[in-house]
Amino acid sequence: MTLAHNKDTPTTPAKVVESPSKNSKQHSTLRGQVVFSELWTREPPTEEWTIKPLVPRGRQVALWSPAKEGKSLLALDGVGAAATGRPVFGQRPGEPINVVYFDQEQTLDDLHSRLLDMGYGPDIDLDAHLVYYLLSDLPPLDTEQGGKVVEDIVRRHRAELVVLDTMARIVRGKENDNDTYRDFYHFTGLRLKT
């Protein structure tokens, strides 16, 4: 399961060079070179949270445990609270945020009973900030097509948090293969971070 917050942190980033450094021995056209002399002069960032203390703002988080240990339940609890502004994990309530959740594991009955157990029902408007795709026909996210579909959905719903549940069912490559995760990062993960 991967959770990714889709908003940049409001802190001022270090200067990033758009063209090669004068000190560079190789000429490169890559963006993103950090100027360390400027990095050390910036104020240390204060950690901001999308779902405290589970999902830091602007970061990707992976939840791992053996099967059937409650990862999806934990994610759903956090997401429901984030989308409705309710307190979660002992934290104060916050402003609701827009969330997109891709669930490739549960059934509609599972989702219904879990949400009822968490105190949600028809009197709480989950539709306002939570877009939930259940057992969808999402293209594999380790492909260009999958990355584009997710990017379109995230932009359309202005998602600040995206949940992918579970990694094994959203990629076409082997779950324990490095190439699968490289492809996921290249086609989808990088899009979510930017």
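The values are calculated or read from the model by the stated rules, or taken from the named source; none is laboratory data. Note that the coordinates shown come from a computational prediction; the quantities given were computed from them, not determined experimentally. Here the Cβ is made from the backbone with ideal geometry for all residues, glycine too, and neighbour counts use every protein chain on show. Note: accessible area is taken over every heavy atom of the protein model, side chains too, but ligands, DNA and RNA are not part of it. Shrake-Rupley method; radii C 1.70, N 1.55, O 1.52, S 1.80 Å.
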Checklist entry - Can you name the residue in region 160-194 that is closer than 18 Å to L134 by Cα and in a helix (DSSP H, G or I) and, of all such residues, is least open to solvent (accessible area, probe 1.4 Å)? => result M167
Checklist outcome for this item: Considering residues that are out of contact with any strand residue (DSSP E or B) (no Cβ under 7 Å at 6 or more places or on another chain), crowded, with 16+ Cβ neighbours inside 10 Å and of a type in the set (V, I, T), the number found within region 41-60 is 1
Checklist outcome for this item: When region 140-159 is checked residue by residue, the ones that are of a type outside the set (D, E), assigned to a loop (DSSP other than H, G, I, E, B) and surrounded by 18 or more Cβ atoms within 10 Å (Cβ to Cβ) are P140, L141, T143, A159
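Residue by residue, here is whether (1) open to solvent by 60 Å² or more (accessible area, probe 1.4 Å); (2) modelled with pLDDT of 85 or more; (3) among the charged types (D, E, K, R); (4) touching an Asp or Glu at 6+ places or on another chain (Cβ under 9 Å) holds:
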{"residue": "K15", "(1), (2), (3), (4)": "yes, no, yes, yes"}
{"residue": "P20", "(1), (2), (3), (4)": "no, no, no, no"}
{"residue": "V35", "(1), (2), (3), (4)": "no, yes, no, no"}
{"residue": "L39", "(1), (2), (3), (4)": "no, yes, no, no"}
Item to check | Residue check for D127: more than 21 Å from G78 (Cβ to Cβ) and either among the polar types (S, T, N, Q) or more than 14 Å from the chain's Cα centre (by Cα) (or both) | outcome: no
Checklist entry - What are the pairs, 6+ residues apart or on separate chains, where a residue within region 155-171 that is on the phi < 0 side of the Ramachandran plot has its Cβ under 8 Å from a residue that is open to solvent by 20 Å² or more (accessible area, probe 1.4 Å) and assigned to a helix (DSSP H, G or I)? => result D165/K71; T166/K71; V171/D183
